[in-house]
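> To start, I am sharing the structure in question, which I have written as structure tokens.
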Amino acid sequence: MAVFGLSLMPLLVGSVWAAPYGQGRYSNCSYSDDCVITITTTGSVSLSNTPTPSGSFTIDSDTVTVSSNSVNGYTLQLANSSASEAGLVNGANTIAAHSGTFGSPTTLASNTWGFRVDDAGGFGAGPTSAVADQPSSALTFAGVPLSAAPVQIKNYTAGSVSNDNTTVWYGIHVNNSLPSGTYTSTVTYTATALP
């Protein structure tokens, strides 16, 4: 029996915009304040899975929390921290990134992993819930893209915000053809205050 442990380590990046004196906009943040954005996450996502010959699914979530004083809101992007490997890696073994996309997600193929955000992109409403070692799943997922091509998962335009949460679900579908072990990857979330 092979047992898989998946560890996703989030990397957080917050960015603000700046312009030379006399060339920027002056009304997008609180008077006399710089535009500020903060981003936090609940931490590592661990997906333990005991695969079967036909495959099993495990799904769990991470919550990304953003606060910003920009009256125009913010965007939130997601990407793998690697520029060359989008899969989950355990030595020479890899669980590939799923081929579905944010705009056209599909059900997880065998021995792949991916993410979904309910009510965003092409994912539909959900609701998604955590499961372990489930024999099937009709939920659709997208592959986490490489670092050079992050995908925007949220465009918040309702003004300044405090503690705005986005739940990102991660799923794995594996069968027992892969060696057991801990397969890992690091996902980068980037929140950018809108100018």
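> Out of all the residues in the stretch 53-112, which are part of a loop (DSSP other than H, G, I, E, B) and either of a type in the set (Lys, Arg) or over 19 Å from the mean Cα position of the chain (by Cα) (or both)? Step through it out loud before you land on a result.
Step one: filter the stretch 53-112 for residues part of a loop (DSSP other than H, G, I, E, B), giving 53-55, 69-73, 81-87, 91-92, 98-105, 108-111.
Of everything in the stretch 53-112, those that are part of a loop (DSSP other than H, G, I, E, B) and either of a type in the set (Lys, Arg) or over 19 Å from the mean Cα position of the chain (by Cα) (or both) turn out to be Pro53, Ser54, Gly55, Asn69, Ser70, Val71, Asn72, Gly73, Gly91, Ala92, Ser110.
> Can you name every residue in the stretch 142-176 that is out of contact with any Pro (no Cβ under 8 Å at 6 or more places or on another chain) and among the polar types (S, T, N, Q)?
Ser147, Gln152, Asn155, Thr157, Ser160, Ser162, Asn163, Asn165, Thr166, Thr167, listed by residue number.
> What pairs come out if I take residues in the stretch 106-128 that are closer than 14 Å to Ile172 by Cα and among the basic types (Lys, Arg) and pair them with residues that are at pLDDT 95 or above and assigned to a loop (DSSP other than H, G, I, E, B) whose C-beta lies under 8 Å away, six or more apart or interchain?
Here the result reads Arg116/Pro105; Arg116/Phe123; Arg116/Thr128; Arg116/Leu139, each pair linking the stretch 106-128 to a residue that is at pLDDT 95 or above and assigned to a loop (DSSP other than H, G, I, E, B).
> Which condition from (1) over 27 Å from Thr38 (Cα atoms); (2) at pLDDT below 95; (3) not in a loop (DSSP other than H, G, I, E, B) is the one that Val174 breaks?
All conditions pass for Val174, except number (2).
> Could I ask something else about it? When the residues of the stretch 110-134 are filtered to those that are charged (D, E, K, R) and in contact with a Phe, Trp or Tyr (Cβ under 9 Å, 6 or more places away or on another chain), which remaining residue is modelled with the lowest pLDDT?
Asp133
> Is it the case, given these coordinates, that Thr128 is in contact with a strand residue (DSSP E or B) (Cβ under 8 Å, 6 or more places away or on another chain), more than 20 Å from Ala79 (Cα to Cα), among the β-branched types (Val, Ile, Thr) and assigned to a strand (DSSP E or B)?
Details: in contact with a strand residue (DSSP E or B) (Cβ under 8 Å, 6 or more places away or on another chain): yes; more than 20 Å from Ala79 (Cα to Cα): yes; among the β-branched types (Val, Ile, Thr): yes; assigned to a strand (DSSP E or B): no.
The answer is no for Thr128.
> Just the residues that are free of Cβ contacts under 8 Å to residues at least 60 places away in the same chain and closer than 17 Å to Thr112 by Cβ, please, taken from the stretch 39-84.
none
> Oh, and also: Examine the stretch 162-169 for a residue that is in contact (Cβ under 8 Å) with a residue 60 or more places away in the chain, under 25 Å from Thr52 (Cβ atoms), of a type in the set (D, E, K, R) and out of contact with any helix residue (DSSP H, G or I) (no Cβ under 6 Å at 6 or more places or on another chain), and state whether such a residue exists.
No.
> Give the number of residues within the stretch 148-195 that are buried (at least 16 other Cβ atoms within 10 Å of the Cβ) and among the small types (Gly, Ala, Ser).
Count: 6.
The values are calculated or read from the model by the stated rules, or taken from the named source; none is laboratory data. Owing to the predicted nature of the structure, the values given are computational and were not obtained by experimental measurement. Note that each Cβ is placed from the backbone with ideal geometry, even for glycine, and that neighbours are counted across all protein chains shown.
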